[in-house]
Amino acid sequence: MNTESILWMGDIEPWMNEEIIMKSFLDNNIKPKSIKMIKDKRLNLLRNYCFINFDNMIEANQAIIQLNDKKIPNTNINFKLNWANQNSEGCRNLYVGNLPPEVDYIELYSLFKSKYPSVHHASIITERGVSKGFGFVYFIDKDDYDKCLKEMDGFIFHNNALRVKERKKKNEEKNEDKNMEEKIMTESEEKKSLSFVE
């Protein structure tokens, strides 16, 4: 099984089975190869997530772009899709900014894959179907990741200089926000002290 083309699907309701999930994709003209439901052996119940297998990475990526956070037909539930192994050990991702609006995920993937063989997939962040001008490129090999980080920042693509940098983890971003808050509070206290002395 090609792990590059497997998606994780979450927030599955207890009444949803393989047939219902498969139909939800087919109703959107997306054709998975197979669906694997996950069972809790201890409780003998299905878990609230499953894995969707596609023929290739491009079809899987298209499913994410087209369906993620959209309503599942005839329900009040949204598709919750992600790459099955993007958080696995060794899978790293880089932020790519200053992307022209016409660049799609296939072109972004093709650019980086042509230079770094271990590129796993690419995604572009959109809002209502329009690119927000940045995305992420995912690597399996650390050497390719490090090389790309050094070589691709400032690379001219569609007349734009790309901004390529490490993607921060959410908890790091929160820590940065907290540190900034503390810095502002400290500066504020120092100003109060100075004005009191004056």
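The values are calculated or read from the model by the stated rules, or taken from the named source; none is laboratory data. Being a predicted model, the structure only gives us computed values, none of them experimental. Every residue, glycine among them, receives a Cβ derived from its backbone with ideal geometry; neighbour counts consider all protein chains shown. We work out accessible area using only protein heavy atoms, side chains counted, and drop any ligands, DNA or RNA first. Shrake-Rupley method; radii C 1.70, N 1.55, O 1.52, S 1.80 Å.
Under a 5 Å amide H cut-off, with hydrogens placed 1.01 Å from N, residue 84 pairs with 6, 7, 8 among residues at least 5 apart or on other chains. Rounded to the nearest whole Hz, the Karplus-based 3J(HN,Hα) values (6.51 cos²θ - 1.76 cosθ + 1.60, θ = phi - 60°) of the range 18-25 follow the sequence 4, 5, 5, 5, 4, 4, 5, 6, with x at glycine and proline. Suppose the Debye formula is applied to equal point scatterers at every Cα of the range 73-155; what is log10 I(q)/I(0) at q = 0.25 Å⁻¹? The Debye formula, applied to the Cα set alone, gives -1.27. Quantify how much of the Cα-Cα distance distribution of the range 112-173 extends past 15 Å, in percent. Of all Cα-Cα distances in the range 112-173, 58 percent exceed 15 Å. Hey, any idea what % of the range 4-100's accessible area is carbon plus sulfur with a 1.4 Å probe? The nonpolar share, carbon plus sulfur, comes to 46 percent. R0 = 25 Å: FRET efficiency of residue 156 with residue 106, Cβ-based, nearest 0.05? E between residue 156 and residue 106, to the nearest 0.05, is 0.80.
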